[in-house]
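Novice: Shown below is the structure under consideration.
Since every read-out is calculated from the coordinates, none of them should be taken as a lab result. In this text, all values refer to a predicted model and were calculated from it rather than measured experimentally. Cβ placement follows ideal geometry from the backbone for every residue including glycine, while neighbour counts extend to all protein chains displayed.
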Amino acid sequence: MRGLRTLLAAVALAFAVPAHAVEPDEILDDPAMEQRARDISAGLRCLVCRNESIDESNADLARDMRLLVRERLVEGDSDTEVLTFITDRYGEYVLLRPTTDGINVILWIAAPVLFLIALGSALVYLRRRDTAPEPTGEGLSAEEQKRLQELLKD
């Protein structure tokens, strides 16, 4: 019984670990450099799969990008230089975590600002609605009442 629990726990842990699509022929000999490549790859978006990192994607383009990252590291580029190279080549969309400078500031600020505007508008509307005068009890005139009855007959 205890062995079964251990086996089930091991299987559960195996499925809990994120899958990496890095193939054995891509792995660098230097463990430190391979770890740098994995760290960089985890922050790059697969342009085919959209919300998967290139480290997790099996797409051909993701493989090409992983190889490109490793190639740049072997050539001696720093992590920042590799990210700059990849971003220049594929655009800023390739970053899973976009930068917070330049024009992106508008994107980062827009959602909270629009939320505050909507919240303020809702509060103004509710206050005005509470202070609005009650509708008068005047009903339809006799002529309007007669016309309504004619319309309802048809």
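Novice: Can you give the FRET efficiency to the nearest 0.05 for Arg50 and Ala132, using r as the Cβ-Cβ distance and R₀ = 41 Å?
Specialist: The value I calculate is 0.30.
Novice: Order of Phe85, Phe115 from fewest to most other C-beta atoms within 10 Å?
Specialist: Sorted ascending by nearby Cβ count, the order is Phe115, Phe85.
Novice: Here's another thing I want to ask about it. I need the peptides 143-154, 30-41 ranked by packing, meaning the mean over residues of other C-beta atoms within 10 angstrom, with the highest value on top.
Specialist: 30-41, 143-154
Novice: Could you point to the label whose value was computed as log10 I(q)/I(0) by the Debye sum over Cα atoms at q = 0.13, 0.14, 0.18, 0.21 Å⁻¹ for the structure here, given [x] -0.81, -0.87, -1.06, -1.24; [y] -0.55, -0.64, -1.13, -1.60; [z] -0.81, -0.91, -1.25, -1.42?
Specialist: [x]
Novice: Follow-up. Ranking request for peptides 87-94, 128-135: highest mean number of other beta-carbon atoms within 10 Å first, then the rest in descending order.
Specialist: Output ranking for 87-94, 128-135: 87-94, 128-135.
Novice: Where in the chain are the helices, taken as whole DSSP H runs, whose Cα atoms extend 27 angstrom or more along the long axis and whose Kyte-Doolittle mean reaches at least 0.0?
Specialist: Both cut-offs are met by 104-131.
Novice: Report, by chain and number, residues whose modeled amide H sits under 5 Å from the one on Ser53, excluding near sequence neighbours (fewer than 5 apart, same chain).
Specialist: Long-range HN contacts for Ser53: Cys46.
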